[in-house]
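One structure is given here, and the rest of the page talks about it.
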Amino acid sequence: VKAIVATRPGNPSVFEWRELAKPEPGQGELLVRLRAAGLNPVDYELRRRGSFAPTGTEVILGCDGAGIVEAVGADTTRFVAGDEVFFCDGGFGEKPGNYAEYHVIDERFAARKPERLSFVEAAALPLVTITAWESLFNLASIRAGDFVLVQAGAGGVGHVAVQLARDAGAFVAATISTPEKAALARELGAVATIDYRTEDVAAATRSWSGRDGANVVFDTLAARRSARASTRSRRTAGSSHASNRRGPISRAHSRSIAICASASSGCPRPPSTAGRARRSRSARSSNAARHGSTRGRSA
Amino acid sequence: VIVGPTYPLDRVADAHRALEAGDVTGKIVLEIE
């Protein structure tokens with residue numbers, strides 16, 4: 001079977017075709033005939049810097065995939081041949097990724113592809129959605145009425161975070177860099193946009209929220225400038241979260257562990273239950289009064 | 001999720017160049033025949 005391998009760290013010219021033996025599914029595994037593979041920035045970071053594979057090893061990149069189950073291993077219970085699936089699995093060097101014709105995956109990490117989604121659409125979803133979901137709900141515990149600032153709100157992860165936060169009932173502001181991206185962020189649910197090239201993000205956030213900053217800042221850029229702005233934009237009791245693109249993301253995701261990096265002081269603790277309750281009574285009620293409900297809009 | 005340009009698997013290098021350039025709106029996806 002054919003696969004594209006990164007032969008060594010470097011520029012895109014390091015990719016080469018390889019003919020490899022067709023993999024076989026082991027116990028509890030699926031052999032998937034891939035139809036699409038989604039690209040993420042971590043792909044080119046791994047290509048440039050090298051993956052988690054031993055030095056000198058050729059790697060198949062790409063953690064997002066979608067395809068059709070061709071065969072199942074012993075003791076599989078959730079899928080049969082012919083099922084359409086999508087997943088985030090492999091591609092960081094420890095396990096082959098999805099720039100290939102076939103992929104073997106533990107059935108516990110695969111999801112059934114909804115009929116309304118094409119393979120391309122399904123392959124675009126996993127990593128960005130996992131990143132946004134874990135950050136917003138598992139780490140930041142956002143709730144209706146929160147003010148949420150999404151850095152790069154029209155970006156790959158950001159535009160998903162905008163929609164998830166909006167659907168959770170939060171008031172969402174997004175940083176953007178062009179009028180087109182501002183329009184997109186608003187279309188997806190942001191009630192405010194901030195041009196980080198021309199505006200002071202922290203000041204604009206505080207002006208928008210009408211209080212002392214956002215409850216939650218979602219920042220996957222984790223760049224020095226955005227991190228500084230994120231820290232200044234959040235409330236003292238709030239949280240600032242970012243995905244850490246240099247960390248062992250595949251291993252963490254396989255265990256449903258979210259990766260979190262604060263701009264200033266490590267992974268912040270979520271507000272205490274008591275603090276959260278106080279915030280709910282005061283800030284959220286006033287938020288709703290000033291901004292109205294954000295629910296009921298389509299994605 | 002907003003899907004941007006798609007590329008065949010054998011053009012993965014071009015797909016990486018487009019992703020790194022950052023001038024693409026939407027997710028880049030490889031289509032595998």
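The values are calculated or read from the model by the stated rules, or taken from the named source; none is laboratory data. What you are looking at is a predicted structure, and each value in this text was computed from that prediction instead of being measured. Please note: Cβ atoms are built from the backbone with ideal geometry, for glycine as well, and neighbour counts cover all protein chains shown.
The listed residues are A:Val162, A:Val157, A:Val201, and the only one of them that is crowded, with 19+ Cβ neighbours inside 10 Å, at pLDDT below 95 and within 17 Å of the chain's Cα centre (by Cα) turns out to be A:Val157.
Given the structure, is A:Ala161 touching a Phe, Trp or Tyr at 6+ places or on another chain (Cβ under 9 Å), of a type outside the set (Ser, Thr, Tyr) and more than 29 Å from A:Phe15 (Cα to Cα)? For A:Ala161, the condition - touching a Phe, Trp or Tyr at 6+ places or on another chain (Cβ under 9 Å), of a type outside the set (Ser, Thr, Tyr) and more than 29 Å from A:Phe15 (Cα to Cα) - is met. Taking the criterion of being of a type outside the set (Val, Ile, Thr) and closer than 10 Å to A:Ala152 by Cα, the only residue of the stretch A:183-194 that qualifies is A:Ala185. Can you name the number of the only condition in (1) in a helix (DSSP H, G or I); (2) closer than 22 Å to A:Leu125 by Cα that A:Ala174 fails? Tallying (1) in a helix (DSSP H, G or I); (2) closer than 22 Å to A:Leu125 by Cα, A:Ala174 fails exactly one: (1).
Return the residues of the stretch A:133-165 that are among the hydrophobic types (A, V, I, L, M, F, W, C), assigned to a helix (DSSP H, G or I) and facing chain B (nearest Cβ under 10 Å); say none if nothing qualifies. Answer for the stretch A:133-165, where residues must be among the hydrophobic types (A, V, I, L, M, F, W, C), assigned to a helix (DSSP H, G or I) and facing chain B (nearest Cβ under 10 Å): just A:Val160.
Mind checking which residues of the stretch A:21-32 are loosely packed, with under 15 Cβ neighbours inside 10 Å and touching a residue at least 40 places away in the same chain (Cβ under 8 Å)? Once the filter is applied, which keeps residues that are loosely packed, with under 15 Cβ neighbours inside 10 Å and touching a residue at least 40 places away in the same chain (Cβ under 8 Å), the stretch A:21-32 yields A:Lys22, A:Glu24, A:Gly26, A:Gln27. Residues that are under 24 Å from A:Gly156 (Cα atoms), surrounded by 16 or more Cβ atoms within 10 Å (Cβ to Cβ) and not aliphatic (A, V, I, L, M) do occur in the stretch A:11-20, at least one of them. Candidates in the stretch A:8-29 are the residues that are in a loop (DSSP other than H, G, I, E, B) and under 27 Å from the mean Cα position of the chain (by Cα); of these, the one that is farthest from A:Glu58 (Cα to Cα) is A:Gly28. Considered as a group, the residues in the stretch A:30-56 that are assigned to a loop (DSSP other than H, G, I, E, B) and facing another protein chain (nearest Cβ under 9 Å) include one that is farthest from B:Thr6 (Cα to Cα), and that residue is A:Asn40. Scanning the stretch B:1-15 for residues that are in contact (Cβ under 8 Å) with a residue 24 or more places away in the chain and either at the interface with another protein chain (Cβ under 7 Å from one of its Cβ atoms) or touching a Cys at 6+ places or on another chain (Cβ under 9 Å) (or both) yields B:Val1, B:Ile2, B:Val3, B:Thr6, B:Leu9.
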